[in-house]
């Protein structure tokens with residue numbers, strides 16, 4: 001049976017950690033990227049020492065035809081996708097009155113519609129094989145309000161959590177659909193532009209008194225796509241160190 005994982009947004013901070021984790025556990029990997037081909041290829045190069053196959057695939061996942069072409073390429077080169085990690089996401093922070101409608105649409109199109117397109121394209125093969133795992137990467141921002149400047153991002157992550165529950169019903173009983181909701185994870189992008197005082201204030205709101213590591217998200221994703229997690233379904237797992245609300 002194929003063990004092929006597609007990680008959307010696979011060249012980013014959390015995405016690359018998930019890619020490395022799954023590859024180390026023997027998964028063939030499709031690293032999806034939209035614009036950053038160089039980072040995706042650098043990551044693929046790092047995996048060459050492992051006994052797994054790896055390819056890079058480009059697509060605007062808000063485009064259903066582009067998603068179809070991406071899956072076709074993966075199926076031709078690696079086999080059917082048996083683990084789909086919907087990790088791709090964008091945010092465009094700004095104050096409410098400055099938000100542009102087109103920006104709100106774009107955030108929803110990538111963060112929600114993109115996951116929908118990928119799940120729809122994975123559906124037939126997974127159901128035909130009677131096996132598969134889907135993990136949606138949401139955020140604690142979709143559960144609580146943390147930063148009002150991210151109103152569209154927060155809405156998209158709440159929608160992704162809702163989509164998880166509905167997809168779990170649609171893919172039952174053969175495919176497990178779960179969601180992880182990271183809190184403050186110390187990726188390069190997450191820490192960019194923040195001064196030491198802000199980071200100190202934010203970590204004080206976390207019971208563990210530190211921000212998380214991308215690898216800690218990746219560990220949970222790897223468990224959820226493993227055989228050990230066969231009875232975990234339709235669940236949202238927070239990975240936030242006990243994060244308190246922030247406004």
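What follows is calculated from the coordinates using simple rules that are stated; it is not laboratory data. What you see is a predicted model, and the numbers here were worked out from it, not measured in a lab. Positions of Cβ are backbone-derived with ideal geometry, glycine not excepted, and every protein chain shown enters the neighbour counts.
Average the reciprocal distances over every distinct pair of alpha-carbons in the range 96-238, invert the result, and give the Kirkwood radius in Å.
Numbers: mean 1/r = 0.0605 Å⁻¹.
Result for the range 96-238, one decimal place: 16.5 Å.
Roughly what % of DSSP beta bridges within the range 119-247 run antiparallel, to the nearest 5? Working shown, then result.
Values: 1 of 11 bridges.
So the antiparallel bridges amount to about 10 percent of the total.
Stick to the Cα atoms of the range 1-94, pair each with every other, and give me the Kirkwood hydrodynamic radius in Å at one decimal.
Details: mean 1/r = 0.0763 Å⁻¹.
It works out to 13.1 Å.
Hey, what number do you get for the chain at 222 nm if only DSSP H runs of n ≥ 4 count, each worth -39500 (n - 2.57), divided across all residues, to the nearest 500? Show your work: numbers first, answer last.
Details: 9 runs with 105 residues, N = 247.
My calculation for the chain gives -13000 deg cm²/dmol from helical runs alone.
Could you order peptides 53-60, 167-174 by the average number of other Cβ atoms within 10 Å of their residues, highest first? Please list the in-between numbers first.
Numbers: 53-60: 18.6, 167-174: 14.4.
The peptides rank, most packed first, as 53-60, 167-174.
I'd like the orientation of helix 13-24 relative to the chain: the angle between its Cα long axis and the longest Cα principal axis, in ° from 0 to 90, rounded to 10.
Tilt relative to the chain: about 30 degrees.
Calculate how many DSSP beta bridges within the chain are antiparallel, expressed in % of all such bridges and rounded to the nearest 5. Provide the component values of the computation, followed by the final result.
Working: 1 of 27 bridges.
Around 5 percent antiparallel, to the nearest 5.
Could you order the peptides 111-121, 205-215 from most to least packed, using the average number of other C-beta atoms within 10 Å per residue? Mind dumping the intermediate values first?
Values: 111-121: 23.5, 205-215: 15.5.
So the order, starting with the most tightly packed, is 111-121, 205-215.
With only alpha-carbon atoms counted, please give the Rg and Dmax of the chain, in Å.
In order Rg, Dmax, the Cα atoms of the chain give 17.3, 53 Å.
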